[in-house]
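Before any comments, here is the structure.
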Amino acid sequence: MEYLQRLHDSVSKRMDALVRATVLEYGAPQQRATGSNNLAASIFLHFKDVLRDFEFVSTVGSSKVWLEPLGVVGIFTPWNSSAGSIAVKVAPAIAAGCTVVVKPSEMSAMQTQVLMESFHEAGLPRGVINVLTGYGEVVGAELATHADIAKIAFTGSTQIGKLIAKAALETMKRFTLELGGKSPNIILDDADFTTAVPMAVNACFVNNGQACIAASRLFVPRSRLEDVKQLVRGIVDEIKVGDPTDGAVTIGPVASQKQYNRIQQYIRSGIEEGAELVVGGEGHPPGLEQGNFVRPTVFANVKPHMKIAREEIFGPVLSILTYTTEAEAIQMANDSDYGLMAYVSSTSANRANRVARQLQAGRVLINTLAHDPLTPFGGFKQSGVGREGGIYGLREFLEPKAIIVGD
C-alpha cells in the first residue's frame, strides 16, 4: 500500500509533463489527455483501497485457500492510452506481490519516458518495475515465450492478442487480454433524444475515435431516424477539429499517416456499400490539409453486413442502424464478434436494465459515459480474456493454493 501511494504521488507530480507528451505524441485533445492521465495516477490509489479489505487467505470448507502472486508479469500496452494501460496493469501486479516487465508501444516513447521517470522516483526496490522498449515482433515475442514470465497482461488489437495467446500457451502462461471492440449504443424510443444523441456522438468520437470502447454502432428507432440525423448534423457542425494543444479542440489529428489512410478506406467503403453519408466524408477538414486530420463522419441507413458496421475502424466514424422492436435492437447489437462495451439510453430504469442484462458485453453503461474504476473491465467473445480493475483485476495476478490437512 505504501508503494502504491508513492507511485500515485510521483506520477501526479509529473502530470503536466505527461499531459504535454500525450498531446504532442499522438494528438490527444488537451481535455482528453488530462483526464486519461489523471485516471492513470488515481489507479494506484484505487488498488491501495482494494488492498485494505482484501483477504489473501480464506477458509473454504474445512481447508485454507491461499492466494499467491503469480511471479513475473510481462505487460504489453498500446499507444492510444499509454499511461492508463500501463498503470492499470502495474498497480494490481504490485498489489498482488508480482514484479513486472513493461513493453510499451514504440509509438509512445515520450509518454513512456515521463512515466518511467515517475516510477523510478517512487523508490521501489530495484527490479520490481522494469521496462523494455522495442518492436512487438522482437521484444514482445521474447516476453511471450520466455520461461521466466508467468503471465502476460496485454491491451491491443484482437489480431495481435490471438498471436500472443498462442505463444503464451507454449509455457502455459496465464494471460489477460483486453482487445478490440465495436460497441453498440441503443437509444430506446422513450429516451430523451436531445440528451442521448449528443452523448452518442461523444461516445464514438472520444479520443479522436481511437478507443476500443468507442460506441461506433448507434441503434435508433426507425421512426426517429430523421430526427436523429438532424440532431447529429447540428452536433458535428459544432465540433472543433484542430490543434490538440488548443483547449477548445475536441478532435485532434489521428496518430499516424497509416491510421489516417486506414480510416479513409473505411469511409470510402461505407460510401461504396451504399450507406447514407449524413456528415463528413473523405479527406481533410477545410484548412487542415497538413497533418493526419480526419473529418468527423456519420453514416445512416447502415446495414449490419457492411464493413463499417462490423470492423473496428479506430477513428471518428459513426454508423447509425435502425430497428423496429426492442428485441430486434438487442439482436442486432449482439450480432458482432466483439463484446467489450455497450450503451443504453432510456427514461425507464427498469427497461434500460432489462436491455442491459441481455447485451453481450463486459460493461454496459446506462444514460452515462462514466467510468467506475473498481468494477471489472474486459470483454466477451473476441474482445478479450480476463478482467482489469478492482478486486476482479487483482485476482488476475494471483494463483489460488488449497491446503487440506488431515486429522
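Observations
- Projected label points at Arg262 and Ser62, each 7 Å from Cα along the beta carbon direction, are separated by 5.7 nanometres.
- Under 5 Å from the amide H of Val131 lie the amide H atoms of Val102, each residue being 5 or more positions distant or on a separate chain, with H modelled from the backbone and absent for Pro and chain starts.
- Size of electric dipole in the chain: Cβ of Lys, Arg +1 and of Asp, Glu -1, about Cα centre, debye, nearest 20: 420 debye
- Zone residues, the stretch 369-383, relative to Asp49, backbone N less than 12 Å from point 7 Å out along Cα-to-Cβ: 372-375
- Most simply put, the chain has about 35% antiparallel DSSP beta bridges, counting only bridges with both residues inside it.
- Listed residue pairs exceeding 21 Å between alpha carbons, taken from Lys89/Lys162; Lys258/Lys307; Lys162/Lys381; Lys166/Lys401; Lys103/Lys381: Lys166/Lys401; Lys103/Lys381
- Averaging 1/r over every pair of different alpha carbons in the stretch 194-319 and inverting the result gives a Kirkwood radius of 14.5 Å.
- The angle between the Cα long axis of helix 30-53 and the longest principal axis of the Cα atoms of the chain comes to about 40 degrees, rounded to the nearest 10.
- Given +1 at the Cβ of Lys and Arg, -1 at the Cβ of Asp and Glu and no other charges, the dipole of the stretch 74-213 around its Cα centre is 460 debye to the nearest 20.
- With Cα atoms, 0 to 90° folded angle of helix 2-13 axis to the chain main axis: 40 degrees
- The string of couplings for the stretch 333-347 from the Karplus curve (6.51, -1.76, 1.60, θ = phi - 60°) is 4, 7, 7, 7, 6, 9, x, 8, 10, 8, 9, 9, 10, 6, 8 Hz, one whole number per residue in order, with x for Gly and Pro.
- Projecting the Cα atoms of Phe54, Ala33, Pro373 onto the charge dipole of the chain, computed from C-beta unit charges around the Cα centre, puts Phe54 farthest toward the positive end.
- Restricting the stretch 88-169 to chymotrypsin sites (Phe, Trp or Tyr not before Pro) that sit in a DSSP loop and have at most 16 other Cβ atoms within 10 Å of their own Cβ leaves Tyr135.
- The chain: calculated mean residue ellipticity at 222 nm from DSSP helix runs of at least 4, using -39500 (n - 2.57): -12500 deg cm²/dmol
- Straight-distance crosslink candidates among lysines, where the alpha carbon sits under 20 Å from Lys13 and sequence neighbours closer than 8 are dropped: Lys48
- Simple spin-label estimate for Ala402 and Lys162 in nanometres, 7 Å along Cα-Cβ: 3.5 nm
- Simple point charges give the picture: +1 on the Cβ of Lys and Arg, -1 on the Cβ of Asp and Glu, and for the stretch 184-366 a dipole about the Cα centre of about 340 debye.
- Residues in the stretch 91-97 carry Karplus couplings, in order, of 4, x, 5, 4, 4, 7, x Hz; the curve used is 6.51 cos²θ - 1.76 cosθ + 1.60 with θ = phi - 60°, and Gly or Pro positions show x.
- Sparsely packed loop sites in the stretch 124-178 (the GluC sites (Glu not before Pro) outside DSSP H, G, I, E and B with at most 14 other Cβ atoms within 10 Å) comprise Glu170.
- Packing-based ranking of 355-361, 285-291, 123-129, 78-84 yields 78-84, 355-361, 123-129, 285-291, ordered from highest to lowest mean Cβ neighbour count within 10 Å.
- Rounded to 10°, Cα long-axis angle of helix 109-121 versus longest principal axis of the chain: 30 degrees
Quick note: the coordinates plus some simple rules give every number you see, no bench work behind them. Since we're looking at a predicted model, the values are computed, not measured. Virtual Cβ from ideal backbone geometry, glycine too; neighbours counted across all protein chains shown.
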